[in-house]
Amino acid sequence: MRTLVTGGAGFIGSAVVRHLIGHTRHAVLNLDKLTYAGNLESVACVADHPRYRFVQADICDAAAMRQCLSEFDPDIILHLAAESHVDRSIDSPEAFVHTNVLGTHILLEAARHHWSALSPTRQARFRFHQVSTDEVFGDLAGQSGLFMETTAYAPSSPYAASKAGADHLVRAWQRTYGLPTLITHCSNNYGPYHFPEKLIPHMILNALHGQPLPVYGDGGQVRDWLYVEDHARALVHVATHAAPGACYNIGGHNEHTNLHVVQQICALLEELAPRKPQGVRQYADLIHFVADRPGHDRRYAIDAGKIARELGWQPQESFDSGLRKTVAWYLAQRGWWQRVLSGDYRLGRLGVAP
Ligand code: NAD
């Protein structure tokens with residue numbers, strides 16, 4: 001199998017690339033624009049592998065996409081490239097519409113062109129897999145129910161709306177042109193190589209530096225957490241086993257409030273990093289509440305029963321085991337995040353134009 005991963009230098013994409021090289025025999029092309037969120041140091045462990053290649057390219061560049069597809073000749077496109085940070089989407093939505101909606105359209109057109117020229121056997125196994133989010137379903141505030149694959153879209157943030165727009169395009173390309181597409185909706189991911197602007201790494205690193213741990217509103221927002229390596233395994237499993245047109249929710253059955261997550265991080269740091277910064281008595285003393293994010297959804301929760309029943313996928317990490325691994329990783333891999341915080345991770349980029 002030949003698998004093209006877009007956004008493979010990002011948090012989840014890099015986990016997918018490492019999984020494909022480490023646990024399958026797929027040839028992998030990692031296609032990434034290397035925005036601020038792309039970090040080739042997250043795939044450094046596979047950089048010299050004979051089945052791995054990297055290309056620096058923008059999914060909004062139609063000519064580059066056609067060229068990449070014609071040269072690499074993929075069986076699977078795992079589409080993860082996106083602008084992904086909700087706070088940034090509130091400050092500057094345009095890049096989200098551009099990359100997430102327009103970029104997905106351009107990639108779909110390049111995929112359709114490529115797929116229509118394949119042999120019938122290869123056409124039958126080709127998949128365009130759109131990696132979406134549970135945020136497209138909106139807010140479950142005050143409800144005990146779960147998101148199903150059939151839940152109606154009701155996105156709240158510019159980020160979620162742009163992902164919803166992309167999902168609609170993907171579904172239309174399947175229905176109108178017969179392109180064999182897949183869509184998965186995943187809950188909040190966490191784990192190694194997570195960019196420090198996101199909740200869990202932000203809290204770990206602020207605590208280690210003795211800086212305040214800012215919690216939005218009352219901290220009662222509920223998210224359903226999934227360890228990133230479980231997500232990577234699920235994506236490859238769906239891409240290689242699901243029928244064209246299928247849609248699956250992916251979740252970890254781990255609903256926790258943001259405040260609980262931050263308290264758990266503090267408790268783990270008490271155990272794993274007992275030597276605290278000067279002036280810090282307990283890590284939890286650093287928690288403080290800040291004005292809530294505009295339009296902040298109160299609760300997301302996934303029903304991941306369909307992927308378990310039909311494809312046999314289950315998460316392997318519990319929230320306790322995954323969070324422990326994550327905190328331990330940030331303590332052991334100071335070089336990785338220090339180079340992100342200093343901006344040095346952007347210096348050594350060896351982008352190869354397509
Ligand atoms: P990320 O921000 O860490 O990585 C995104 C990657 O895409 C970066 O490497 C960036 O350089 C690249 N990219 C951005 N614009 C590009 C463009 N125009 N062309 C090519 N590459 C471009 O994001 P992530 O957290 O790894 O999320 C990956 C995907 O998974 C996204 O589509 C996101 O919507 C989805 N998702 C994320 C979560 C989560 O909890 N992080 C949950 C569900 C779904």
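The values are calculated or read from the model by the stated rules, or taken from the named source; none is laboratory data. In this text, all values refer to a predicted model and were calculated from it rather than measured experimentally. For neighbour counting, all protein chains shown are included, and Cβ atoms are generated from backbone atoms with ideal geometry for every residue, glycine included. Accessible surface is based on the protein model in full, side chains and every heavy atom, while ligands, DNA and RNA are left aside. Shrake-Rupley method; radii C 1.70, N 1.55, O 1.52, S 1.80 Å.
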Practice prompt. Would you please name the GluC sites (Glu not before Pro) within the stretch 138-247 that are DSSP coil residues with at most 13 other C-beta atoms within 10 Å of their C-beta?
Written response: none
Worksheet item: Going highest first, how would you order 61-68, 81-88 by mean Cβ packing within 10 Å?
Response: 81-88, 61-68
Discussion item. Please list 3J(HN,Hα) in residue order for the stretch 84-89, calculated via the Karplus relation 6.51 cos²θ - 1.76 cosθ + 1.60 where θ = phi - 60°; whole Hz, with x for glycine and proline.
Written reply: 10, 9, 4, 4, 5, 5
Worksheet item: Among 236, 250, 273, whose Cα sits farthest toward the positive end of the charge dipole of the stretch 231-348 (+1 at Cβ of Lys/Arg, -1 at Cβ of Asp/Glu, about the Cα centre)?
Response: 273
Worksheet item: By DSSP, what percent of the beta bridges with both residues in the chain are antiparallel, rounded to the nearest 5?
Response: 10 percent
Worksheet item: So what J values fall out for the stretch 23-38 if you push phi through Karplus, 6.51 cos²θ - 1.76 cosθ + 1.60 with θ = phi - 60°, rounded to Hz, Gly and Pro as x?
Response: 10, 9, 10, 5, 7, 10, 10, 8, 10, 8, 6, 6, 6, 3, 7, x
Practice prompt. Could you order peptides 277-285, 106-114 by the average number of other Cβ atoms within 10 Å of their residues, highest first?
Written response: 106-114, 277-285
Item to complete: Take the solvent-accessible surface of the protein heavy atoms, probe 1.4 Å, and return the percent of it on the chain that carbon and sulfur atoms account for.
Response: 51 percent
Practice prompt. Apply 1/(1 + (r/R0)^6) to the Cβ-Cβ distance of residue 61 and residue 288, taking R0 = 51 Å, and write down the FRET efficiency to the nearest 0.05.
Written response: 0.70
Response to the item:
Result for the chain: accessible area per residue, probe 1.4 angstrom, in square angstrom, of 41 Å²
Response to the item:
In the chain, taking the dipole from +1 charges on Lys and Arg beta carbons and -1 charges on Asp and Glu beta carbons about the Cα centre, the listed residue (76, 301, 168) farthest towards the positive end is 76
Worksheet entry | Label-point separation, residue 121 to residue 334 (7 Å along Cα→Cβ), nm | 5.5 nm
Discussion item. Between 0 and 90 degrees, rounded to the nearest ten: what's the tilt of helix 228-241 against the longest Cα principal axis of the chain?
Written reply: 20 degrees
Worksheet, complete the sentence: Output ordering of 219-226, 133-140 (per-residue mean of other Cβ within 10 Å, highest first) is 133-140, 219-226
Fill in: Distance in nm between pseudo-label sites at residue 270 and residue 141 (7 Å out along the Cβ direction from Cα)
3.3 nm
Worksheet item: About its Cα centre, how strong a charge dipole does the chain have in debye, to the nearest 20, once Lys and Arg get +1 and Asp and Glu get -1 at the Cβ?
Response: 820 debye
